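The values are calculated or read from the model by the stated rules, or taken from the named source; none is laboratory data. Not measured: the values here are computed from a predicted model. In this analysis, Cβ positions are derived from the backbone assuming ideal geometry, glycine residues included, and neighbour counts consider all displayed protein chains. Accessible surface areas use protein heavy atoms only, side chains included; no ligands, DNA or RNA. Shrake-Rupley method; radii C 1.70, N 1.55, O 1.52, S 1.80 Å.
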Amino acid sequence: MAELWSLPAHALVAGYAAREFTPSEVLESVLGRCDAINPSINAVIARDDAAARRMAGASDARWAAGKPLSDLDGVPVSIKDNLLMAGLPATWGNRGLRDNVPAHDELPVARLRAGGAVLFAKTNVPELTVQGYTDNLLHGPTGLPFAPELTPGGSSGGAVAAVAAGIGPLALCTDGGGSIRRPAAHAGLFGLKPGACRIPRGAGFPAILGAFEVAGPIGRDARDVETMFRWLGSSVETATTAPRRILYARHFAGQPVDPEILRASDGAAEELRRLGHEVLARDTFDVLAGIDAIWPVISTAGVAWLCDSDPRINETAGEAVQAMARAGRALSARDYAGALVAIEALRLDYQRAMAGFDLLMTPAIAAFSWPREKTHPEVIDGQPVGPRGHAVFTAFANALGLPAMTLPLAAPPGGLPCGVQLVGMQGADELLLQIARSWPEAR
């Protein structure tokens, strides 16, 4: 039989039901895997093995009695370090919060605990989760399990590195501008950014990105991601997937994309056609170009507010965060209100551009993983790019509150994985999950 740490969540649950193994045995396998590989990738930054063993033991008893709490009962799940989990540090990647150990769970964490999930670890993030790579002055950089010298992106970099390495089959993460979808692509995983308000938030860190940031699952298997979403959120049943009209945008406003990623994305478009969908490709999709001017206002204003509100953070933040705070302090309330108005104008423009289509498909990332000590790739397809050049495809879905999901694309021999992003209209989370279940990498 395969190593227990390598099994997807649904296979673990089937094994518990058949009494082939127990949650405690699975936890020990996952902890052993963490001991073996985490020193090289720095994905997990905190554990409470004693508490995790108590959770696993309680799950053993429930399965023995035939009374599991959910389809996640006994499944090891890691928690991103910007989410509060009782008993483990919540540092947000900031040195001033190194001793911050909450006594309560944030709402989605509490929901997982109520379902019997074994919450065993916290995963690394960039400071304040506002960067597209995973490094901070408190815990250091995270690398990919199959290329430890390369970044998994951010801000859910620790989470995807852990799941890809077999340190738990699922991770609870957040996405405020692509923080689930881009790292999932770098690691060859499925990652769902739910639509606005689908998964309740609260009792956590201040929401510096407001409702634009949502909680969601990352996993190696699409079925597991769907199970976690349905347990965490207000899921509704939908009809089986009918053929859909999909607009495939290869670039946004002509911004550069690695040619190999485009080739892989073109292959994904062909796969969707083989699955029965109609896919219309456009080389460039310009309607969303305005997000590049809008999003820095939202993010830097939030960072400035947080730094000015919490001296612990302000006095210990690294230079990247300090630079964002300075930029945010230079903004006015009028600037922020203008950004919100611009988002509503963008929403109308997007709806018009998508008339007659059910979904938008894009590459999930514009560049493959880069050295983990660097903040961003400086050149993509021969063109110089700034810090967000690799991240051009994702933030608009947060601004518009739309569900979006990364479908992994397997790495060619000697290469790195990437992924495509599917973006649905409001309420189309289940449609994205249905398509993901049919994806060749889903099993």
Practice problem: Count, please, the residues in the range 372-420 that happen to be among the aromatic types (Phe, Trp, Tyr) and not in a helix (DSSP H, G or I). | Solution: 1
Quiz item: If you go through the range 255-276, how many residues are in a loop (DSSP other than H, G, I, E, B) and either among the acidic types (Asp, Glu) or open to solvent by less than 50 Å² (accessible area, probe 1.4 Å) (or both)?
Solution: 5
Quiz prompt | Leading residue by the ranking (least open to solvent (accessible area, probe 1.4 Å)) among those in the range 243-254 that are in contact (Cβ under 8 Å) with a residue 40 or more places away in the chain and in contact with a His (Cβ under 7 Å, 6 or more places away or on another chain) | solution = Ile246
Practice problem: Would you mention how many residues in the range 360-379 are acidic (Asp, Glu) and in contact with a Phe, Trp or Tyr (Cβ under 7 Å, 6 or more places away or on another chain)? | Solution: 0
Quiz item: If you go through the range 357-371, how many residues are in contact with a Lys or Arg (Cβ under 8 Å, 6 or more places away or on another chain), in a loop (DSSP other than H, G, I, E, B) and open to solvent by less than 30 Å² (accessible area, probe 1.4 Å)?
Solution: 3
Quiz item: Which one is least open to solvent (accessible area, probe 1.4 Å), of the residues in the range 6-18 that are farther than 18 Å from Val225 by Cβ and in contact (Cβ under 8 Å) with a residue 40 or more places away in the chain?
Solution: Tyr16
Exercise. Please go through the range 19-39 and pick out each residue that is in a loop (DSSP other than H, G, I, E, B), open to solvent by less than 60 Å² (accessible area, probe 1.4 Å) and closer than 17 Å to Leu69 by Cα.
Key: Thr22
Quiz item: Of (1) open to solvent by 10 Å² or more (accessible area, probe 1.4 Å); (2) closer than 21 Å to Leu262 by Cα; (3) in a loop (DSSP other than H, G, I, E, B), Glu441 satisfies all except one. Which?
Solution: (3)
Quiz item: Just checking, how many residues over the range 332-374 are more than 18 Å from the chain's Cα centre (by Cα) and among the hydroxyl-bearing types (Ser, Thr, Tyr)?
Solution: 3
Quiz item: Do we find a residue being more than 26 Å from the chain's Cα centre (by Cα) and free of Cβ contacts under 8 Å to residues at least 60 places away in the same chain anywhere in the range 288-298?
Solution: no
Practice problem: Sort out which residues of the range 55-107 are assigned to a loop (DSSP other than H, G, I, E, B), touching a Pro at 6+ places or on another chain (Cβ under 9 Å), open to solvent by 30 Å² or more (accessible area, probe 1.4 Å) and not acidic (Asp, Glu), and write them in order of number. | Solution: Ala86, Gly87, Pro89, Arg98, Asn100, Val101
Quiz prompt | Pick from the range 378-394, criterion surrounded by fewer than 22 Cβ atoms within 10 Å (Cβ to Cβ) and within 21 Å of the chain's Cα centre (by Cα), ranking: farthest from Gly276 (Cα to Cα) | solution = Pro387
